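Input: a single structure, listed below in structure tokens.
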Amino acid sequence: MTGVQTCALPISYDPDIILSPKAFELKQKLFDEALTVYKNNGLLPVDLNTNVLYITSAQNITESFMVKKLTLEGIECKSIYERYLDLSSKNLVILSVYESCVTEKLLDKMKELDADKTIIFFFGSPYYLADFKEFKNIVLAYQEEEEAYRAVLAYIFGDISANEIGRASC
């Protein structure tokens, strides 16, 4: 007999383990510890005492977990696609970009933002970072998952820190 033989191991799915509170805690911890500052030109950590506007790359913000939480905390939230998006009075813009929303239209809209006073929280692959090279403050959250959103919110509110490129925690 030629070729490679494989041996399949029986894998059982146990929802009591996979869906346990301990498993969810571990997943959250992994996302908290994965948060990475890619670039920081002085806007990080976030100072919420300035005149802040949160913008999302999603077109429909009404169901957004992050928008709901930030609105409860008194932070103004908008979609980058709003027709009359006035940024002139804002000292700081926080932009969440979701990999599934990256289009030419989004990249064109981002050109209207002041790269010096914008922080991008990117939920996706680092390979997309070339599209954001003019921005000077970028944090990677890697995935479009609720735990990633929770990690970013915890970072914004100062509850956790983020790794910095070249200074990852062990």
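Quick note: the coordinates plus some simple rules give every number you see, no bench work behind them. Keep in mind that what you see is a predicted model, and the values were worked out from it rather than measured. We place every Cβ from the backbone using ideal geometry, glycine too, and count neighbours over all the protein chains shown.
Each stretch of four or more DSSP H residues adds -39500 (n - 2.57); spread over every residue of the chain, this sum gives -7000 deg cm²/dmol at 222 nm. For LYS27, a cut-off of 14 angstrom between C-alpha atoms picks up these aspartates and glutamates, skipping any fewer than 8 places away in its own chain: GLU144, GLU145, GLU146, GLU147. Taking amide H positions as modeled 1.01 Å from N, with prolines and chain starts lacking one, the residues under 5 Å from ILE165 and 5 or more places away or on another chain are VAL37.
Just to confirm the filter: which GluC sites (Glu not before Pro) across segment 99-170 are DSSP coil and have at most 16 other Cβ within 10 angstrom of their Cβ? Present the calculation step by step, with values, prior to reporting the outcome.
Numbers: sites: GLU99, GLU104, GLU112, GLU134, GLU144, GLU145, GLU146, GLU147, GLU164; in loops: GLU112, GLU134, GLU144, GLU145.
For GluC sites (Glu not before Pro) across segment 99-170 that sit outside H, G, I, E and B with at most 16 neighbouring Cβ atoms in 10 Å, the list reads GLU112, GLU134, GLU144, GLU145.
Computed with the Debye formula from one identical point scatterer per Cα of segment 114-154, without solvent, the log10 of I(q)/I(0) at q = 0.15, 0.26, 0.27 Å⁻¹ comes to -0.36, -0.89, -0.93.
Residue separation of THR62 and ALA130 scaled by 0.36 nm, minus their Cα-Cα distance, works out to 21.5 nm of gained length.
If R0 is 22 Å, what FRET efficiency do you get for GLU76 and ASP116 from their C-beta distance, rounded to 0.05? Walk me through the numbers on the way to the answer.
On the way: r = 20 Å, r/R0 = 0.90.
According to the calculation, E is roughly 0.65.
Once Rh is set to the Kirkwood radius over Cα pairs, what Stokes-Einstein translational diffusion coefficient, in µm²/s, holds for the chain at a temperature of 25 °C and a viscosity of 0.890 mPa s? Mind showing how you got there, number by number?
Numbers: Rh = 17.6 Å.
Estimated diffusion coefficient is 140 µm²/s.
Here's the list of aspartates and glutamates a cross-link from LYS39 could span, going by alpha-carbon distance under 13 Å and ignoring same-chain residues fewer than 8 apart: ASP116, GLU134, GLU164.
Using only side-chain charges placed at the Cβ, +1 for Lys and Arg and -1 for Asp and Glu, the dipole size of segment 34-80 relative to its Cα centre rounds to 100 debye.
If R0 equals 41 Å, the separation of the Cβ atoms of LYS22 and LEU85 corresponds to a calculated FRET efficiency of about 0.45.
For segment 86-170, would you read off the P(r) tail past 20 Å as a percentage of all alpha carbon pairs?
Working: 1271 of 3570 pairs.
Roughly 36 percent, once rounded to a whole number.
Each peptide in 122-128, 33-39 receives the mean, over its residues, of other Cβ atoms within 10 Å, and ordering these scores from highest gives 33-39, 122-128.
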